1. May I ask you to rank 128, 35 by accessible area, largest first, using a 1.4 Å probe over the protein chains only?
2. Full-extension gain between residue 99 and residue 40, please, as 0.36 nm times their residue separation minus the C-alpha to C-alpha distance.
3. In whole angstrom, note down how far apart the Cα centers of segment 94-156 and segment 44-62 are.
4. Once both labels are modelled 7 Å past Cα along the beta-carbon direction, what's the residue 69-residue 112 spacing in nm?
5. Heavy atoms only, probe 1.4 Å: what % of the accessible area of segment 94-141 goes to carbon and sulfur, would you let me know?
6. Length gain on complete extension for the stretch residue 175 to residue 48, per 0.36 nm per residue less the alpha carbon to alpha carbon distance?
7. For residue 60 and residue 133, compute 0.36 nm times the residue count separating them, minus their Cα-Cα distance, and round to one decimal in nm.
8. Which value does Rg/Rh take for segment 39-133 over its C-alpha atoms, Rh per Kirkwood?
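The values are calculated or read from the model by the stated rules, or taken from the named source; none is laboratory data. The model shown is predicted, which means the values in this text are computed figures rather than measured ones. We place every Cβ from the backbone using ideal geometry, glycine too, and count neighbours over all the protein chains shown. The protein model used for the area step is the full one, side chains on, heavy atoms only, and it has no ligands, DNA or RNA in it. Shrake-Rupley method; radii C 1.70, N 1.55, O 1.52, S 1.80 Å.
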Amino acid sequence: MPEQSTRPPPPTPTKGDPEWWRKKFSGLTGLGLSDEERAAHRAEAECRKCEKNRDYLMNYSPIVRFMLENITKLNGKMDDSNIRCMPCENFQSGGFSPEYGVLLCQNRLRDRGHTEDTLAHELVHVYDHLRFRVDWEELKHHACSEIRASSLSGECRWTREAFTRGVFDFTKQHQACVKRRAILSVQNNPKCKDEAEATKIVNQVFDSCFADTRPFSEIYR
């Protein structure tokens, strides 16, 4: 049996000494860091920014606070324990799991406005899950909630489409954005065969689900 090393871990640098300054400088500039250290430093910074924006929005964003209040009325509870910031490998900005809660993709969120749209979108899914008992493996259920989330969250308002995605159409721009984003999401459902099936499902439920603005009296923005 190989002898286990009893070598103690290196001491933590004392604040103000040369090694402390080296680590501080490296953390600020990225110079002198290995690729692994640089990636870890970037992930920590992304997480801090995401959590700061999340906490601000949960306290001050009208749409986020409204959704949280309506989720509470359905005996749901959303807080920093189940709205989590984590890195994501794909290009989504967030997600919802009935088991784990809301995911905010810290490495995909550009700023507080993008975080607000993403959090509002996912909170619509939370509301739908509690209010309508959504079966997320049923494609029509999934499509309906995606239509509502994209429509009500604000992510398809004209300014977001124009200045973020370069889409400047005026005629039914909102509906086109909602449908496009719903199709992309349903297409990623493991139960969906391909884009053609996702398009067919979204088209089948679009009119009724787009018209349903609960818990809002109308499309918020």
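1. Ranking 128, 35 by accessible area, largest first, yields 35, 128.
2. So the chain would gain 18.5 nm between residue 99 and residue 40.
3. Segment 94-156 and segment 44-62 have Cα centres spaced 17 Å from each other.
4. The modelled label-to-label distance comes out at 2.0 nm.
5. On the way: 940 of 2130 Å².
Accessible surface attributable to carbon and sulfur in segment 94-141 totals 44 percent.
6. On the way: separation 127, 0.36 × 127 = 45.72 nm, distance 3.47 nm.
My answer for the length gained is 42.3 nm.
7. Working: separation 73, 0.36 × 73 = 26.28 nm, distance 2.88 nm.
Between residue 60 and residue 133, full extension yields an extra 23.4 nm.
8. Working: Rg = 12.8 Å, Rh = 13.3 Å.
Taking Rh as the inverse mean 1/r over Cα pairs, Rg/Rh reads 0.96.
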